[in-house]
Amino acid sequence: MKNICSVHTHSRLCDGTDSLSEMAWAAYEAGAVSFGASGHSHTPIPEDEGCVLPADMTVYREEVLRLRGEFAGRMDVLLGIELDSCADVTAEGFDYWIGSVHYLLGPEGDRHAVDWDLKTLERCLRENFSGDFQSMARQYYDEVRQVAEQKPTILGHFDLIAKYNEGGRFFDEADFRYQAAALEALHGADPAETLLEINTGAMFRGCRSVPYPSLFLLKAWRDMGGKIILTADAHSTEAVVYGYDRAAELARAAGFRRSTLLTLAGREERTLDI
């Protein structure tokens, strides 16, 4: 087996394109030690219906546990959930949870996704922040800090707000104001409890040429004594371990030599030999 797991995944039960079974088989065939289903949590946002798990997650749980039995002795199958900052469900009863921020709250109480598409992000920036990206980033990272303080198993796509910033379209990532906001949020996480993911999802979708998070954040996390996990944020079978070689390269550049795998027996440290 390879030194990899695939535990940030989405199926047709939320906004993925393939079934949970198809996703699990793809991970197994890629040599993953473990596969984790991490469907998007239900939220009170009407537009999310059909793109997130239902509030009653019985079917989801039963299918994951069925797959656990099917792959017993071959690959661990874990029951996880990606819990959004505005979720109206909890992570109780799950093997692990990914804490993520996808939305910013507007002045009228409405939510605006920062990663849906470029036009949605531009409209949010224009209508809610008068074009001031630094102000937008401060609100985003304040929400990330609040999620981090809840000690998720994995802190998801930490700098998702930079998804469409390739080439500095909106801001300079070296700007001290931006970095200060991001680092304050990072220091809200407990490195003894939470893993920081190196996430290749936006690379697969052609939005970024490098994984999340940025190198300065990974270096800071290493200095905090934190550990990392490689994930693909996969929404299709083709993406279950996409770009792990690039993720490992970024990890090594930040000074990491090992990554963490989630298994049914707990966390395992493995070398970054992908």
Checking the a/c ratio against 1.5 first, then a/b against b/c, what shape does the Cα gyration tensor give for the chain? oblate
Counting only helical runs of four or more DSSP H residues, what would the 222 nm mean residue ellipticity of the chain come to if each run contributes -39,500 (n - 2.57) and the total is spread over all its residues? -9500 deg cm²/dmol
Taking the 0 to 90 degree range and rounding to the nearest ten, how far is the long axis of helix 20-29 tilted relative to the main principal axis of the chain, both from C-alpha atoms? 70
Segment 27-88: chymotrypsin sites (Phe, Trp or Tyr not before Pro) in DSSP coil with no more than 10 other Cβ atoms inside 10 Å: none
Using the Cα gyration tensor of segment 74-122, with a ≥ b ≥ c the square roots of its eigenvalues, what is the shape: rounded (a/c below 1.5), prolate (a/b larger than b/c) or oblate (neither)? oblate
Mean Cβ neighbour count within 10 Å, used as a protection proxy, ranking 46-52, 63-69, 161-167 highest first: 161-167, 63-69, 46-52
Hey, can you find the accessible area per residue of segment 1-148 for me, probe 1.4 Å, expressed in square angstrom? 43
Ordering TRP97, TRP25, TRP221 from largest to smallest accessible area (1.4 angstrom probe), what's the sequence? TRP25, TRP97, TRP221
By average C-beta atoms within 10 angstrom, highest first, the peptides 10-20, 172-182: 10-20, 172-182
Rounded to whole Å and sorted largest first, list the principal axis extents of the Cα atoms in segment 42-119. 51, 25, 20
On average, how much area does the Cα convex hull of segment 61-172 cover when viewed from any direction, in nm²? 9.0
Enter the accessible area of HIS112 (Å², nearest 10), with the probe set to 1.4 Å and all protein chains included. 30
For a quick check: with amide H placed at 1.01 Å from N, whose amide H comes under 5 Å from GLU82's, ignoring anything fewer than 5 positions away on the same chain? GLY39, HIS40, SER41, ILE98
Can you give the accessible area of LYS2, probe radius 1.4 Å, in Å² rounded to 10? 110
Between LEU230 and residues 5 or more places away or on another chain, which pairs have amide H atoms under 5 Å apart, with H built 1.01 Å from N, and which residues are they? ILE198, THR260
Measure out, as a whole number of angstrom, how far apart the alpha-carbon centroids of segment 207-257 and segment 42-119 sit. 21
Please identify the GluC sites (Glu not before Pro) of segment 83-149 that satisfy two criteria: DSSP loop assignment and at most 12 other Cβ atoms within 10 Å. Which are they? GLU92, GLU108
Sparsely packed GluC sites (Glu not before Pro) within segment 185-254, loop by DSSP, other Cβ within 10 Å at most 16: GLU193
For segment 141-197, the accessible surface attributable to carbon and sulfur atoms (probe 1.4 angstrom, ligands and nucleic acids excluded) amounts in percent to 44
Karplus-derived 3J(HN,Hα) from phi for segment 188-204 (6.51 cos²θ - 1.76 cosθ + 1.60, θ = phi - 60°), whole Hz, x at Gly and Pro, runs x, 8, 9, x, 7, 10, 10, 9, 9, 7, 9, 10, 9, x, 5, 5, 4
Classified through the alpha carbon gyration tensor (a ≥ b ≥ c as square roots of its eigenvalues; rounded if a/c is under 1.5, else prolate when a/b is larger than b/c, else oblate), segment 123-258 comes out oblate
Which of ALA232, ALA55, ALA27 moves the most in a Gaussian network model of the chain with Cα springs under 10 Å? ALA55
In order through segment 168-174: 3J(HN,Hα) via Karplus (6.51 cos²θ - 1.76 cosθ + 1.60), integer Hz, x for Gly, Pro: x, 4, 10, 7, 8, 5, 7
For the charge dipole of the chain, defined by +1 on Lys and Arg C-beta atoms and -1 on Asp and Glu C-beta atoms about the Cα centroid, which residue among ILE229, CYS207, ALA113 has the Cα displaced farthest towards the positive pole? ILE229
I'd like the accessible area for ASP117: 1.4 Å probe, protein heavy atoms, all chains in place, Å² to the nearest 10. 50
Which whole-number percentage describes the relative contact order of the chain, with Cα contacts under 8 Å and a sequence gap of 6 or more? 19
Calculate I(q)/I(0) for segment 86-151 by the Debye formula, one identical point scatterer on each C-alpha and no solvent, and give its log10 at q = 0.20 Å⁻¹ to two decimals. -0.84
With unit charges on the beta carbon (Lys/Arg positive, Asp/Glu negative), name the residue among THR43, MET136, GLY69 whose Cα is farthest towards the positive pole of the charge dipole of segment 1-150. GLY69
Once amide H atoms are placed 1.01 Å from N in the peptide plane, what residues at a sequence separation of 5 or more from THR263, or on another chain, have their amide H within under 5 Å of its amide H? GLU268
Checked against the positive end of the charge dipole of segment 1-112 (+1 on Cβ of Lys and Arg, -1 on Cβ of Asp and Glu, about the Cα centre), the farthest of GLY31, CYS86, LEU53 is GLY31
Residue by residue, what Karplus-based ³J(HN,Hα) values in Hz, rounded to whole numbers, does segment 105-115 have, using 6.51, -1.76 and 1.60 with θ = phi - 60° and x for Gly and Pro? 7, x, x, 8, x, 8, 9, 10, 6, 8, 10
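The values are calculated or read from the model by the stated rules, or taken from the named source; none is laboratory data. Note that the structure is predicted; figures quoted are calculated from it, not measured. In this analysis, Cβ positions are derived from the backbone assuming ideal geometry, glycine residues included, and neighbour counts consider all displayed protein chains. For the accessible areas, the whole protein counts, side chains as well, though only heavy atoms, and no ligand, DNA or RNA atoms are used. Shrake-Rupley method; radii C 1.70, N 1.55, O 1.52, S 1.80 Å.
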